[in-house]
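Heads up, the thing below is written out as structure tokens.
The values are calculated or read from the model by the stated rules, or taken from the named source; none is laboratory data. Since this is a predicted model, take the numbers as computed values, not measurements. Cβ: placed from backbone, ideal geometry, glycine included. Neighbour counts: every protein chain shown. Only protein heavy atoms, including side chains, enter the accessible area calculation; ligands, DNA and RNA are left aside. Shrake-Rupley method; radii C 1.70, N 1.55, O 1.52, S 1.80 Å.
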Amino acid sequence: MKVVTVIGARPQFIKAAAVSRVLRSEARVSEVLVHTGQHYDENMSTVFFDQLGIPAPERHLNIGSGTHGLQTGRMLEAVEQVLLQEQPDWLLVYGDTNSTLAGALAAAKLHVPVAHVEAGLRSFNRRMPEEINRVLTDHASDVLFAPTSVAVENLRREGIADERIVQVGDVMYDAALYFGNKAELESRVLETLDLRPGAYVLATVHRAENTDALERLHAIVDGLIAVAADMPVVLPLHPRTRGVLERAGMLERASQCMYLIPPVGYLDMIKLEKNACLIATDSGGVQKEAYFYGVPCVTFRDETEWVELVETGWNRLVAPVSAHKIRDAILSQRGTQGADLQLYGEGDAGRRITNALMEWK
Ligand code: UD1
Ligand code: UDP
């Protein structure tokens, strides 16, 4: 069985690491890893391949950044060429980025069966590029690997047949279990930054709806600066956000008040997450990792796809409309614990996905 896997953005390297390890352990499976080049900085791409033991991509498309149409269109054209040459049994994609949609669309048009990992997530906010990508990818897919029962229900409601849906748990939970101890042992990031365990807030911001709306970004940054008056705030900065802060003249004040650092590798990120007293983020993956490591979370968004985290008290949504709302949410969520439930499966999603692909009729 030949699988072409298309990845391109930071969270996809982590998700693919969890699945590729199992896929490649099977003698009858060959995988061709395709990197679209959506993320390309050393600390947004190479560091993950180095740390997570992901094999070097067999194909690198070097697409880079651009507007949605340009980036997705170039990927579509390039992935199509790979599929025509490789003639795989499956095209495997993850999540909801432009790389995901381009991979799925290229394959569906060539009648290559498409498998989508992290299927069925919905924010019900069509203004998010991710929502468009995930809805279209799900409907172009032949097998939909859903992480949760909520995701399964979302797919059913959209008329996707039960036979195509497999609930496998969350591949990021596999990754958290596999790399959690390694990070604890190997990362020296707390010493480097001179941080005390349990005595700082970890924050990330990169989502278009926050970076492209200056008033929202202002509320987030000013809210975090207000928190930093009480305790250190560490903000590994996505290049998109750094660019906006720089252009808006907000970077200097932010870096005077907080630990503004470049994006970190996965092991340092886990170490920072595990030892934070609270995580404040607009990332999908980071919301779940907070829960995996038992750390309370505040999410700077109007809604989330991972609704079970809010329902069980692990996560609290705060619309970034004012700095004091952000600060108050962080200070009141600090020190809380959610319900003790297994929300994302058993940590064997990679195995379940591999088995399902090998057995699919
Ligand atoms: C993308 C995904 C988003 C995901 C995120 C993970 C889409 C539409 N968005 O958002 O769903 O949560 O990845 O991190 O696919 N840049 C660099 N270096 C890089 C990569 C990006 O400088 O290595 C800068 C460029 O200025 C680029 C901007 O960041 O234009 C945005 O990058 P892009 O990949 O388009 O979107 P993300 O915000 O990273
Ligand atoms: N991450 C990382 N270094 C960072 C920020 C995030 O390794 O500086 C990891 C994080 O632990 C998670 C994934 O990247 O596993 C989340 O990616 P991101 O927030 O970029 O995207 P999203 O999950 O929102 O699509």
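Data for the structure
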quantity: Angle between the chain longest axis and helix 349-359 axis [Cα atoms, degrees, rounded to 10]; calculated: 10
quantity: For the range 220-227, 3J(HN,Hα) per residue [Karplus equation, 6.51 cos²θ - 1.76 cosθ + 1.60, θ = phi - 60°, Hz, x = Gly/Pro]; calculated: 5, 5, 5, x, 5, 4, 5, 5
quantity: Rg and Dmax [Cα atoms of the range 266-336; Å; Rg one decimal, Dmax integer]; calculated: 11.3, 33
quantity: Paired Rg and Dmax values of the range 171-304, which use every Cα atom, in angstrom; calculated: 14.2, 40
quantity: Using a Förster distance of 35 Å, the FRET efficiency for residue 337-residue 302 (Cβ separation, nearest 0.05); calculated: 0.90
quantity: Karplus-derived 3J(HN,Hα), 6.51/-1.76/1.60, for each residue of the range 120-137, Hz, glycine and proline x; calculated: x, 6, 9, 9, 6, 10, 6, 7, 7, x, 5, 5, 4, 4, 6, 5, 5, 5
quantity: Radius 14 Å from Cβ of residue 257, net charge of other residues (Lys, Arg +1; Asp, Glu -1); calculated: -1
quantity: The range 1-154 - convex hull of alpha carbons, volume per residue in Å³; calculated: 107
quantity: Over the chain: helical MRE at 222 nm, DSSP H runs n ≥ 4 each giving -39500 (n - 2.57), nearest 500; calculated: -14500 deg cm²/dmol
quantity: Charged-residue dipole, Cβ positions (Lys, Arg, Asp, Glu), the range 226-361 about Cα centre, Debye nearest 20; calculated: 340
quantity: Anisotropy class of the range 71-188 from Cα gyration tensor, a/c 1.5 cut; calculated: oblate
quantity: Estimated FRET transfer efficiency when R0 is 30 angstrom, pair residue 325-residue 193 (beta carbons, to 0.05); calculated: 0.65
quantity: The chain - Rg and Dmax from Cα coordinates, angstrom; calculated: 19.7, 59
quantity: FRET efficiency for residue 25 and residue 68, using Cβ-Cβ distance with R0 set to 35 Å, rounded to 0.05; calculated: 0.45
quantity: Label-to-label distance, nm, for residues given as residue 356 and residue 125 (7 Å Cα→Cβ offset); calculated: 2.7
quantity: The range 42-96 shape via C-alpha gyration tensor axes, a/c threshold 1.5; calculated: oblate
quantity: Under-5 Å amide H pairs with residue 206, H placed in peptide plane, nonlocal only; calculated: 282
quantity: Extent along principal axes [Cα atoms of the range 161-214; Å; largest to smallest]; calculated: 53, 38, 16
quantity: For the chain, size of Cβ-based charge dipole, Lys and Arg +1, Asp and Glu -1, in debye; calculated: 240
quantity: HN-Hα J in Hz across the range 72-88 - Karplus 6.51, -1.76, 1.60, θ = phi - 60°, x for Gly and Pro; calculated: 5, x, 5, 5, 4, 5, 6, 5, 4, 4, 4, 5, 5, 6, 8, 6, x
quantity: Amide H within-cut-off set for residue 167, under 5 Å, with H built and near neighbours excluded; calculated: 146
quantity: Protein accessible area in the chain, 1.4 Å probe - carbon and sulfur %; calculated: 50
quantity: Charge tally in the Cβ shell below 12 Å around residue 341, where Lys, Arg are +1 and Asp, Glu are -1, residue 341 excluded; calculated: -3
quantity: Cross-link pairs 109/361; 182/274; 15/325 - those with Cα-Cα distance over 24 Å; calculated: 15/325
quantity: Reach of residue 271 by Cα under 14 Å, taken over aspartates and glutamates that are not fewer than 8 positions away in the same chain; calculated: 184, 186, 191, 194, 289
quantity: Gain in span if fully extended, residue 46 to residue 161, counting 0.36 nm per residue against the direct Cα distance; calculated: 37.6 nm
quantity: Å² of accessible area per residue within the chain, as computed with a 1.4 Å probe and no ligands counted; calculated: 40
quantity: Three principal axis lengths of the range 100-256 [C-alpha, angstrom, descending]; calculated: 53, 39, 27
